Amino acid sequence: MNFKDESVAVYEAYIRKKLILCFVLVLAILISVIMSIKVGAADLSFTQIITALFNRNAVGAGIIWNIRIPRLLAAIVAGCCMGMEGVVMQCVLRNPLASPYTMGISQGAAFGAAFAIIVLGAGTVSVMQADAVVVNNPYITVVAAFLGSLIGVLAILLIARVRSVTPEVMILGGVAMSALFSAGTMFLQYFASDTQVAASVFWTFGDVGRAVWNDVWVMLALMVPALLYFMYHAWDYNSLESGEETAKGLGVNTDHIRIWGMLISSFTAAVTVAFLGVIGFVGLIAPHIMRRVIGTDHRFLIPTSAMLGALILLVSDTVARSIMAPIVLPVGIITSFLGAPLFLYIIMKMGR
Amino acid sequence: MVLSVHKVEFSYGKVKVLADVNFKVQSGDLVSILGVNGSGKSTLMKCINRILKFESGVILVDDEDIKNMKDVEIAQKMGYVPQTSETGFITVFDAVLLGRKPYIKWDVSREDVKLTKRVLDLMDLEKYALRYINELSGGELQKVVIARALVQQPKVLLLDEPTSDLDLKNQLEVMNIIKKISRNHKIASVVVMHDINLALRYSDKFIMLKEGEVFTAGGKEVVTPETIKEVYGVDVHVRSFEGTPIVIPKSQNIDEN
């Protein structure tokens, strides 16, 4: 590419390439949506699906509208959340391994859920075709999980505020909270009955199939403003990416950007994990792949990582539903299978 | 005077790092700050840029008190090149364009792009424009970082040891660039230097810091065996070579210490 010619035209062409990639991702998501809506225990033809989409009384309309669509929307919305949370956390914490999963947010939620199920008696086991556990009172569990992860996040931010708002303090805080919550969960499980232990363990298997329409709306209502906030601050994240002092030299209030970035990304993470359980690695993989493909310009990195997160979760869920059909695996197992080797790859690359 | 530092004091906790620092810099001048490690050079740079909030004193940029300026306004007047900068998956073009951050709301204007292109040309970086910065050599990277500070269109350029990681050729090249842009674009450059001879070769003025205070300041005449002995605690000869003073440490028997 000859940069000596019309610089603006070249820059626009360079930006256009990134926009094309965004379009490709949207297309891939649409294709996965079609796949996802087709796959399932009830064998519906495309004609039946299309009829059911427009006619709520048609054959299979109940399955499409009450089971498959909320499920795939939950996968898309939660995947978007995980992708963008990963980008923002990795950027503000200046650490490639930062994600809701590694920052103790998931462990906080798991503790909250275990507390609700074991201490508040919110859950028991009963066998259903898709989900082996019915939590008697799902809302208590969701609220407790949400509070659990929020307490973790607030503790980290408080430590950072008292000590100093540096990535090191926050990450070490995350590690400490994560250990504390895991210990707390084990403590509760130690004294719980078999069924309670089973229910609380089962809760941690992240599964988008748990989501009902209301959950989707709540997650969406949080995702959209969070995404807009992150996009608005894209240049601040770009500055942070070039180093703390460079960012300050460019007039960025790094403490402010770091605290709010952490707070908002953790908040959305807390909500998704409370509704869906622990789904690891999506928030870690999506930003890492996109960073290599599209670079670290956050104007593009944030939306594309969100889209890739959605795509990964949607495809993983479709795989989870079909790989051992009629058994439906929780999607968290598939994403971790996919993510763990990549995690190792990143660690090995870092050493060089 | 484009930059005026008056009675600036700063402490890290109870440790006083800067005490009563005063100096002025004219536009177009290249001023070197000299002193031993820990004498407060980098702290002074950060205070001037208000990255560190100094306790007392006044710093005026373009006759405006920086305490009354917003961070973004300071960034529009002053470019800062820190000692270390991070690399990553960002192209040279985007890395330099980032210097427009104090002016950009969200969307990049044609003017931002054109100015970035002009600065890339000026720094002889246009051939690397679409390369990732983590593929660059140390010298090229330093030029990218300086280019980023330049697109801020600063009145004052602060550079913290810009040549410390570079080989001889790149040291000369980078100092030449700083000298040229200071003179041609009427930018006041303040450079922290460890290499006294490199400083003598390029700078118009010198400020020698000792224990957080200005020990002496002025033209080349302030660099004498006596001042260097006082500031660095080293015995040196100062000789003139092709009109430029050069500092040569006296030979020392290491066993004596």
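For the set B:Leu3, A:Leu342, the ranking by accessible area, highest first and with no ligand, DNA or RNA atoms included, is A:Leu342, B:Leu3 under a 1.4 Å probe. Projecting the Cα atoms of A:Ile285, B:Ser32, A:Leu228 onto the charge dipole of the protein assembly as shown, computed from C-beta unit charges around the Cα centre, puts A:Leu228 farthest toward the positive end.
Other residues lying with their Cβ under 10 Å from the Cβ of B:Glu161 contribute a combined charge of -2, Lys and Arg counting +1, Asp and Glu -1. For segment A:263-296, a reduction of at least 40 Å² in accessible area between the chain on its own and the assembled protein chains (probe 1.4 Å) is found at A:Arg292, A:Thr296. Taking every residue in B:146-156 and counting other chain Cβ atoms within 10 Å of its Cβ, the average works out to 1. So, counting K/R as plus one and D/E as minus one, what does the shell of residues with Cβ under 15 Å around A:Ile49 add up to? Neighbour charge sum, excluding A:Ile49 itself: +3. Computed with a 1.4 angstrom probe on protein heavy atoms, the A-B interface buries about 3200 square angstrom of accessible area in total.
Using Cβ point charges alone (K and R +1, D and E -1), the dipole size of the protein assembly as shown about the Cα centre works out to roughly 980 debye.
The accessible surface of segment A:75-350, taken with every protein chain in place and a 1.4 Å probe, is 74 percent carbon and sulfur. Contact order, relative form, for chain B: 26 percent (alpha carbon pairs under 8 Å, 6 or more residues apart, mean separation divided by residue count). For a label point 7 angstrom out from the Cα of B:Val72 toward its Cβ, which stretches of segment B:111-137 have the backbone nitrogen within less than 19 Å? Residues passing the 19 Å test: B:111-113.
Here the protein assembly as shown carries DSSP beta bridges of which approximately 60% are antiparallel, counting only pairs with both residues inside.
The phi-based Karplus calculation (6.51 cos²θ - 1.76 cosθ + 1.60; θ = phi - 60°) puts the 3J(HN,Hα) values of segment A:294-310 at 10, x, 9, 6, 5, 4, 9, 5, 5, x, 6, 5, 4, 5, 5, x, 4 Hz, whole numbers, x for Gly and Pro. Seen from all directions on average, the protein assembly as shown presents a Cα convex hull projection of 33.5 nm². Which longest uninterrupted range of chain B lacks any trypsin sites (Lys or Arg not before Pro) assigned by DSSP to a loop state (not H, G, I, E or B) and surrounded by at most 16 other Cβ atoms within 10 Å? With trypsin sites (Lys or Arg not before Pro) excluded where exposed in loops, chain B gives B:187-249 as its longest stretch.
Look at the alpha carbon pairs under 8 Å that are at least 6 residues apart: their mean separation over the length of segment A:287-343 gives a relative contact order of 23 percent.
Burial annotation for segment B:69-89: residues with an accessible-area loss of at least 50 Å² between the isolated chain and the complete set of protein chains, computed on heavy atoms with a 1.4 Å probe, are B:Glu86, B:Phe89.
Taking the protein heavy atoms of segment B:147-257 in the context of the full set of protein chains, the accessible area attributed to carbon and sulfur is 47 percent at 1.4 Å. Note on chain A: GNM, Cα springs under 10 Å; of A:Leu97, A:Leu250, A:Leu147, the largest mean-square fluctuation is that of A:Leu250. Solvent-accessible area per residue in the protein assembly as shown equals 44 Å², computed with a 1.4 angstrom probe and all protein chains kept. For segment A:273-352, a crude dipole built from +1 on the beta carbon of Lys and Arg and -1 on the beta carbon of Asp and Glu, taken about the Cα centre, is about 260 debye to the nearest 20.
Of all DSSP-defined beta bridges confined to chain B, some 60% are antiparallel rather than parallel. Percent of C-alpha pairs per 10 Å bin in chain A, short distances first: 6, 24, 32, 23, 11, 3, 1, 0. Across segment A:53-62, coupling constants 3J(HN,Hα) worked out from phi with the 6.51/-1.76/1.60 Karplus curve, θ = phi - 60°, read 5, 9, 10, 5, 9, 6, 4, x, 4, x Hz, and Gly and Pro carry x.
By the scheme Lys and Arg +1, Asp and Glu -1, what is the net charge of all other residues having a beta-carbon under 14 Å from that of A:Met103?
0
Legend: residue pairs B:Lys41/B:Lys155; B:Lys24/B:Lys186; B:Lys70/B:Lys179; B:Lys70/B:Lys186; B:Lys14/B:Lys41, Cα-Cα distance threshold 22 Å; pairs beyond threshold, B:Lys70/B:Lys179; B:Lys70/B:Lys186. A Förster radius of 60 Å, combined with the Cβ-Cβ distance separating B:Asn22 from B:Lys127, puts the computed FRET efficiency at roughly 0.85. Each distinct pair of alpha carbons in segment B:89-244 adds a 1/r term; the inverse of their mean, the Kirkwood radius, is 17.2 Å. A:Asp194 exposes around 130 Å² of accessible area when a 1.4 Å probe is run over every protein chain in place.
Each of A:Thr166 and A:Phe337 was given a label point 7 Å from its Cα along the Cα-to-Cβ line. The distance between the two points is 4.2 nm. Computed from backbone phi, the HN-Hα couplings of segment A:109-121 come to 5, 4, 5, x, 5, 4, 4, 5, 6, 8, 7, 8, x Hz, rounded to whole numbers (Karplus: 6.51 cos²θ - 1.76 cosθ + 1.60, θ = phi - 60°; Gly and Pro given as x). Simple spin-label estimate for B:Asp107 and A:Phe23 gives 1.9 nm between the two label positions (7 Å along the Cα-to-Cβ direction from each Cα). On the beta carbon distance between B:Asp63 and B:Phe215, with R0 = 30 Å, the FRET formula returns roughly 0.65.
The values are calculated or read from the model by the stated rules, or taken from the named source; none is laboratory data. Nothing here was measured: the structure is a model prediction, and the numbers come from that model. Positions of Cβ are backbone-derived with ideal geometry, glycine not excepted, and every protein chain shown enters the neighbour counts. These accessible areas exclude ligands, DNA and RNA; they are computed on the full protein's heavy atoms, side chains included. Shrake-Rupley method; radii C 1.70, N 1.55, O 1.52, S 1.80 Å.
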